[in-house]
Amino acid sequence: QRSRFSLDWNCTMPRLDFTRSVLCCNKVGNDYVAPAFCRSWGQKLQQGAIGRFLARFPDNGPERLRVLDAGCGLGTYANAFAASGLESYGADLSSSMLTVAKLNSSAEVRWVQMDIAAPCFPDQFFDGIWLSAVLVHVPRATARNVIQELSRLVKPGGILYLSAQIGTGSLCRWEGRVFFYYTEHELKTLFDATGLEVMESWTGEVKTGTCSDHRVKRWRHYLLRIPENE
């Protein structure tokens, strides 16, 4: 059985590494819920959000725009972007999620297994990044670093879509995944600290969940602009 926790050592005493433990928990939890996640969300798309995201891109003529679905899960959005003519990449830490994504892929997508806090792409590689329902698994202490790491992958003037579950505190569910809830003030502070411009935002509620999670969940959606070079 794979460990859900990560320890380091302070002299002779073991010490729990919170951030790495959360990463381990989410990876194991997402590996476990991949089949159920597929049943709940496999064919569902946020059509309105995709439309708003794509509408923000300029007309690049014959050059294909390059987009990353970060924390892609089943790859539903990565496939949708590829079907729209974009050069699409899907990245996730869970090997089980990626396995399902590849099996269900009907478009040309490049799949990568990686931690979004340590992306393996060069600076300014993408025209836009899609970060849907991922920040909810990111601890507050590392949220700024995650946003900064992803932002550096986007060209100046490019677009970052982000959704966050609104609330306070955190929750560890029985399957292992850890959830972190953000207030709108915390999110504004995060965007200000990382230099991102809020172009558009809206709120929605979701009643569907994975593994018998039937709570009503309030989400805040953002289209963020990467600042131009000075």
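Annotation: aspartates and glutamates with alpha-carbon distance below 19 angstrom to LYS217 (same-chain offsets under eight excluded): GLU175, GLU184, GLU186, GLU205. Counted residue by residue at 0.36 nm each, then reduced by the alpha carbon distance between them, the extension gain from ARG64 to VAL206 reaches 47.8 nm.
So, in nm, how far is label SER84 from label VAL216 when the simple model puts each one 7 Å beyond its Cα toward the Cβ? Label-label distance for SER84 and VAL216, simple model: 3.0 nm.
No value in this document is a laboratory result; all are computed from the given coordinates. These numbers come from a predicted model, not from an experiment. Ideal geometry is used to build each Cβ from the backbone, glycine not excepted, and the neighbour counts take in all protein chains shown.
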